[in-house]
Each structure stands twice: as C-alpha cells, then as structure tokens.
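Okay, structure first, notes after.
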There are 2 protein chains.
Amino acid sequence: MSSNLINEIDIVKASTSKISSVDFENLTFGNIFTDHMLMCDFKDGAWQKPVIKPYEPFMIDPSAKVFHYGQAIFEGMKAYKDEKDDVWMFRPDENFKRFNHSAKRLAMPEVTEDIFIGGLKAILDLEREWVKKGKGNTLYIRPFMIAIGSGVIAQPSTQYRFMIILSPARSYYSGEVKVIIAEHYSRAANGGIGAAKAAGNYSAQFYPTKLANERGFQQIIWTDDATHTKLEEAGTMNVFFRINDTLYTAPTGERILDGVTRKSLIDIAKRDGINVEIRSVLVTELIEAAKDGSLKEIFGAGTAAVVNPIVGFSYQDNYYELPKLENSYASQLKEKLTNIQYKLADDTFGWTVKV
Amino acid sequence: MSSNLINEIDIVKASTSKISSVDFENLTFGNIFTDHMLMCDFKDGAWQKPVIKPYEPFMIDPSAKVFHYGQAIFEGMKAYKDEKDDVWMFRPDENFKRFNHSAKRLAMPEVTEDIFIGGLKAILDLEREWVKKGKGNTLYIRPFMIAIGSGVIAQPSTQYRFMIILSPARSYYSGEVKVIIAEHYSRAANGGIGAAKAAGNYSAQFYPTKLANERGFQQIIWTDDATHTKLEEAGTMNVFFRINDTLYTAPTGERILDGVTRKSLIDIAKRDGINVEIRSVLVTELIEAAKDGSLKEIFGAGTAAVVNPIVGFSYQDNYYELPKLENSYASQLKEKLTNIQYKLADDTFGWTVKV
Ligand SMILES: Cc1ncc(COP(=O)(O)O)c(C=O)c1O
Ligand SMILES: Cc1ncc(COP(=O)(O)O)c(C=O)c1O
C-alpha cells in the first residue's frame, strides 16, 4: 500500500447541498451532518483507498463484530473559522495520537497520519461553507472506527471502517450543571479501557446518569471504582477543582481520558501564573473545602462544551452549592482558549493548524 | 401496542436455502448463518411488529448510537435436536432474564417475553432443518439488541433493533487450553457493566488476550481489578476450581456474568453429591493448592464450549501444570449436562423447552 493514500482519495460530490435548509442559529448538538463523509476500509491487513462521498447510510452485516463485541472507538474535535474566512483545526495531532492509543487498546489497527490528518484536511476543505464565522460557531468533527468483519465469535475483527463525519454546532451550553459524586457506579476499571475513547465506555454511564437526572442532576463526577474516594472525571469532560487559588485536576492514566481541553487549560493557566496541581483530589477534601469556603469552583473541560462551570454537587444526599464568582478561572480560561481557537489571540503554543 | 406482537409476526421466506452448501462436519464457530433472521424495531417508545426475513445486511446511519456510544447487548444460547427429531432450547427463560438485565444496565428498553421467547420459537420452528441430530451438533442462537437512533451526542438512543440470528455449530473445541492469571489488565469495574452481556466488555479483553496468545496462552482468568487477588472468570466462561474433592466457583455479582452453564453445573454437581462452595478463590490459594497437589482441576463453563478443561496456568511467569485425571469432574459434569440438553437423560430440573 502507498504511504500516501490520501493523495489518491476519491471524491464523489453530493449533487445538491443541504446547507440552505439548516438553521445555524438553532442547532441541537450532533443532530445534523454535512453533505459529505469520509470512509476508509481496512481489509487484507491494510488500509484501502479512502473515499469522500455524500453522507448516507451504509450496509452492514447483522453479525458485524461492532454489534457483538464492541470494537468501536472515536474522537471529538472541532473546526473554527477566523475573521479572514480561514478554517482551523485545534491540536489535531493530539486527537490522532489518542485515536491510535484507543485503537491499540481495543486490538484495532492503527490509522496512518496520512489518512487521519490528511483525511481531516480533505473533508474540511470540501465543507468550508459549513464552518460559520463568529465565536461560538464550530463544526464538530467525529472521526471513528468500527469493526465491520462478520462472525459471532469473540475475537478481534479482520475488517474495519474508519470514517469522518461532521456536524455544525454552537458552543454546547447545557444550562446550570449540578453533579452527583459517584458512590456506587463507576465508568472505568484499573487495567480497563477508561483511557480509551471506546464506545463501550459511554453506554456504561447512561443508566447511572439517568438515575442522577431523575434526582435533578445533569452529570456524575466519577470516582475510582475500588474505593470511591478519589475524584476522577465526568461523562465527557475532565474536571478541575479550584480550592483557594489553586487549580487541581486528577492525573490521567489508565482510568481517565487524556483530554485535549484539559491539557490546554493546564498550559494556559500555568503560563498566566495560576497555580496548578495535578493530583487526585479526595472526596473528603472536597467536602471539607466546600464546608470551610475554600472551594471556589468546579468545572468540566472537554471539546463539546469547552469549559462547563458546575453550580453545585451532591454527595451522600447532601447538596453543596458553589459560590457565584465574578471573574472565575473557568470564564478566564475559556475566554483565553477560545481566543486561540478562533485566532483572536496569538497562538504562542502552536496549537492551531490551518486547513 | 398489543402484548402479543409475535402472533402478528410477518414471515418473509427466503426463495432458496443455503443449507445444501453447508458442510456440517467442518464448521468454524459463528461463521455461517441460517437462511432467516428475526428483526424487531423499537421506536416511538414501543416495540414494533417483528419480522422474520432472509438473512441479509441492513442499512444503518454512520451516526447510529451503537457505533459511537456502544449501546449493544447480546445473548448466546443453543438449540438441540433429539432422536425423535424434536428441537429443544435450554433454559431460555434464563437468557431472557439476563438479556433484560443487560438492557436495563445499558439504558436500553427491555424486550417483552413475547418477542424474545416467542421470537425464538418462531425462528427455530422455521429453521428446524439447520439443527442436526447427534451429540455435539447444535444451532447456536444469537439474540442481540443495538441502538440504531442517530446523533453524536452521548445520550441513550430512542431507537433500537432487536435481532435473532442463528449459526450451526459443532461443540466448540479449542484444543488444549492454557490460561494466564490476570495481574494487570481487567475486564470489569466495581459498579461497572461486567455483569451485563454488553458488547463493550468483549473488545476490552481482546488486547490483553492477544498479549497472552503471543506468550502461548489461549485465555485469561480475570481477577478483581482493585487488587488482582481474587479469581473471577474467563473471557466467555465462568471458572470452576477443584481442590481435593470440592468444587469452587466465584459468586456472580456486579463484575461477573451470571452464566447459565455455571448455575446448571452447580445444580447437577450438588444433586450428585459433589461438594460445591460458592466463594472467591484467592490467587494465593490456587498457587498453594497447585504446589501441594490438592489442585485437581480447573475448567471453564459457558454455552459455546459447555465445559472447557484447562491444562495449566501461568502466574508471575511461573507455569503450573494440572494433573491429567481419568474421571474428572469436568468430563462427568459435561456428560450429564449435555445428556439433559440432547434429551438422553431425564430432565428432572425442567430445563428443556420444546420448540
Ligand atoms: C470521558 C471523557 N473525558 C474527557 C473528555 C474531554 O476530552 P477533550 O478535551 O479531548 O475533548 C472527553 C471527550 O470529549 C471524554 O469523552
Ligand atoms: C463473560 C462471560 N462469562 C461467562 C459466560 C458463560 O455464560 P453462559 O453459561 O450463560 O453461556 C459467558 C457467555 O457465554 C460470558 O460471555
């Protein structure tokens, strides 16, 4: 196989565009897709020629391994348009690395840089019109890979499909977010797949999250499954805690996803003189800090919502409210990060990549 | 919706049968499917009319939740033909219960008994020819459910597809099985989905199993993820340990699948005067018993292989060989269980159900 498959990409253009029928002011997250998708199959031990073609359903066998054994991984990233109408990606190399880390953990083939990064550039180039100008407007990017080989025996597939689909999105705002600290359920095991962006990790959280929703809480902050004493992360976000003027966040590792937003916020905070400590925060510490008033903020960090301030949390049926701060770390950091993403501030870190 | 949807089932027969092209003496497990499949969709909050139709691929959206968030569960069971050409299922009520337990844990809708049990009977009735007479011949049954609703937001789907597909199988024999005791990787978390037959649990095991394979071991015996000191189960089998003349097996619970074979073997063993203790066996106990010669047998128990004797195990790079026994518990119990399944022995437990 050529090492530059992306140069041979087949592009089949949609005969008409859906774009004029889309209300870009009123988008529900992840519901609408652009005109095209990228598809690249792996078989006979190699990646085949990628194709970009109209977004549409495809055929799959009922015995496909993805349905039975869950070989499915994904990434979540965004494209931004600057004032000069240029389209930018944010740290795509990080998503590429993480995708292949996930692939390895699920015994799936790694994707070449050529297909992943080259594929992103090719499809984003074609869908420029779908990336709208103005802060808050983004094109959400979903690369994913599924096992399409057939057979109901619990063994890795020999055939896979890598795809990129795109969905226009406004900055994800989920209203006031109250969270529950997990006391019984867990999202990841020691030696498990918590650090992979594996499809199976998400369905595992739906039922406990539903129980939380029924009690009036939007999300769960997961704790370590063995002792439920260490705060880890939320469903699709890493979590930061501000106690006095120090920002704490758990180290990533086997149970916690290595978030791109998390690591970018850490770098920005450090650059700007905020004290950041990367260590596990204990539930008992959090409760104490909430009681003595030193707990100033909790916020989630992830691609979809960027930064998501949390207004209060529940633990053992007690509810702890967080103070409303004027100039919170959450809002400062969000502003600084999105300014880099939209090319409104100098990208001194070299994070942005032009399409 | 009617509570007897199965009475309204649509049956679309295949115009020709593949059966004459199948070599029933040389079957690879899970590779070949019968002429028909059952399909039943859930939408608008209700199960729709089920249909049996020719086995074939179907269309699905690239953003289907099953691909991104892993809402996918399954069951594994078998049909047997007796000497009078009657077709039998084994404890289908247990698989039905477990299926709905899995559904609940993954925030998927529960299936009605009508659709699950009635559906099994309807499709097995149609595919009688595919169930071959003679011990060792079976028709493997794979009921499963996937989330087919579209949208890349991490929330439960509102649309699902329940299916039953069937694959002729010989008793699964995997040669001499040597296992590794897990020291680092794990299959399930406390408060996780280990007790559900969720697709995501299986892909999580592929990479560690590949590492074991590379070292010459076929399977892994999983230990508790927090301490790796307690023996739990294998990839698709519960595990029994015989120390002197007592049979030990771990209690099922949140991390261990409640296997139908396991519970049936326990009942048979108890009936026949074998001492059975249901408790966690520690790795240290196992090593000690291996060293002092009191460890007589280890075997896996699951629908695919029925009973799978293990010839040796590795722990911390030491290999422990098991004695070769004449009249092992494994072979006695397998014989007794399969005699019930094939109607060669009285079914005093009332486990078999005629199609
Ligand atoms: C479990 C989990 N944690 C954290 C994150 C945040 O990662 P990122 O900042 O790369 O989007 C995500 C993904 O969005 C996630 O799914
Ligand atoms: C993880 C796991 N454990 C145990 C078993 C055995 O269960 P059963 O005896 O119901 O087939 C299975 C399924 O076959 C399984 O997937």
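Cβ-Cβ under 7 Å, sequence separation 6+ or interchain: first residue in segment A:188-209 and facing another protein chain (nearest Cβ under 7 Å), partner assigned to a helix (DSSP H, G or I) and of a type in the set (Lys, Arg). Which pairs? Matching pairs, first to second residue: A:Ile193/A:Arg105; A:Tyr207/B:Lys104; A:Tyr207/B:Arg105.
Quick check: is even one residue across segment B:107-124 within 14 Å of chain A (Cβ to nearest Cβ), open to solvent by less than 20 Å² (accessible area, probe 1.4 Å), within 18 Å of the chain's Cα centre (by Cα) and at pLDDT 95 or above? No - not one qualifying residue is present in segment B:107-124.
Being under 17 Å from the mean Cα position of the chain (by Cα), acidic (Asp, Glu), open to solvent by 10 Å² or more (accessible area, probe 1.4 Å) and closer than 21 Å to A:Lys178 by Cα is the requirement here; does A:Glu232 meet it? It is true that A:Glu232 is under 17 Å from the mean Cα position of the chain (by Cα), acidic (Asp, Glu), open to solvent by 10 Å² or more (accessible area, probe 1.4 Å) and closer than 21 Å to A:Lys178 by Cα. Residues that are within 20 Å of A:Asp82 (Cα to Cα) and among the β-branched types (Val, Ile, Thr) number at least 2 in the following strands (runs of 3 or more DSSP E) confined to segment A:272-355: A:352-354.
Scanning segment A:210-236 for residues that are closer than 22 Å to B:His228 by Cα and either at the interface with chain B (Cβ under 7 Å from one of its Cβ atoms) or in a helix (DSSP H, G or I) (or both) turns up A:Asp225, A:Ala226.
Could you grab me the full set of residues in segment A:304-355 that are open to solvent by 20 Å² or more (accessible area, probe 1.4 Å), touching a Lys or Arg at 6+ places or on another chain (Cβ under 7 Å) and closer than 14 Å to A:Lys178 by Cα? Within segment A:304-355, A:Val311, A:Pro323 meet the criteria.
The one condition from (1) of a type outside the set (Phe, Trp, Tyr); (2) crowded, with 19+ Cβ neighbours inside 10 Å; (3) within 11 Å of ligand 2 (Cβ to nearest atom); (4) outside any loop (DSSP other than H, G, I, E, B) that B:Gly200 does not meet is (3). Scanning segment A:83-106 for residues that are open to solvent by less than 10 Å² (accessible area, probe 1.4 Å) and in a loop (DSSP other than H, G, I, E, B) yields a count of 1. Listed conditions (1) crowded, with 20+ Cβ neighbours inside 10 Å; (2) within 13 Å of ligand 2 (Cβ to nearest atom); (3) of a type outside the set (S, T, N, Q) are all met by B:Ala195, apart from (1). Look at segment B:137-164: where a residue is open to solvent by less than 10 Å² (accessible area, probe 1.4 Å) and a partner is of a type in the set (Asp, Glu), sitting 6+ places away or on another chain with Cβ atoms under 6 Å, you get B:Pro143/B:Glu75. The strands (runs of 3 or more DSSP E) found wholly in segment A:1-67 and carrying at least 3 residues that are touching a Gly at 6+ places or on another chain (Cβ under 9 Å) occupy A:36-43.
Let's see how each residue does on (1) within 30 Å of A:Lys84 (Cα to Cα); (2) small (Gly, Ala, Ser); (3) assigned to a loop (DSSP other than H, G, I, E, B):
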{"position": "A:Leu139", "(1), (2), (3)": "yes, no, no"}
{"position": "A:Gln155", "(1), (2), (3)": "no, no, yes"}
{"position": "A:Thr158", "(1), (2), (3)": "no, no, yes"}
{"position": "A:Met163", "(1), (2), (3)": "yes, no, no"}
{"position": "A:Ser167", "(1), (2), (3)": "yes, yes, no"}
{"position": "A:Glu183", "(1), (2), (3)": "no, no, yes"}
{"position": "A:Asn190", "(1), (2), (3)": "no, no, yes"}
{"position": "A:Gly194", "(1), (2), (3)": "no, yes, yes"}
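So, B:Gly134, is that one surrounded by fewer than 24 Cβ atoms within 10 Å (Cβ to Cβ), among the small types (Gly, Ala, Ser), farther than 24 Å from B:Gly45 by Cβ and assigned by TED's automatic domain parsing to the domain that holds B:Thr16 or not? In short, yes. Inspection of segment B:239-257 finds no residue satisfying the criterion of being at the interface with chain A (Cβ under 7 Å from one of its Cβ atoms) and buried (at least 18 other Cβ atoms within 10 Å of the Cβ). Considering each residue of segment B:3-10 in turn, none proves to be at pLDDT 95 or above and either open to solvent by 20 Å² or more (accessible area, probe 1.4 Å) or within 14 Å of another protein chain (Cβ to nearest Cβ) (or both).
Do we have B:Leu124 as within 30 Å of B:Ser17 (Cβ to Cβ), in a strand (DSSP E or B) and of a type in the set (A, V, I, L, M, F, W, C) here? For B:Leu124, the condition - within 30 Å of B:Ser17 (Cβ to Cβ), in a strand (DSSP E or B) and of a type in the set (A, V, I, L, M, F, W, C) - is not met.
The values are calculated or read from the model by the stated rules, or taken from the named source; none is laboratory data. Computed from a predicted structure; not experimentally measured. For neighbour counting, all protein chains shown are included, and Cβ atoms are generated from backbone atoms with ideal geometry for every residue, glycine included. Note: accessible area is taken over every heavy atom of the protein model, side chains too, but ligands, DNA and RNA are not part of it. Shrake-Rupley method; radii C 1.70, N 1.55, O 1.52, S 1.80 Å.
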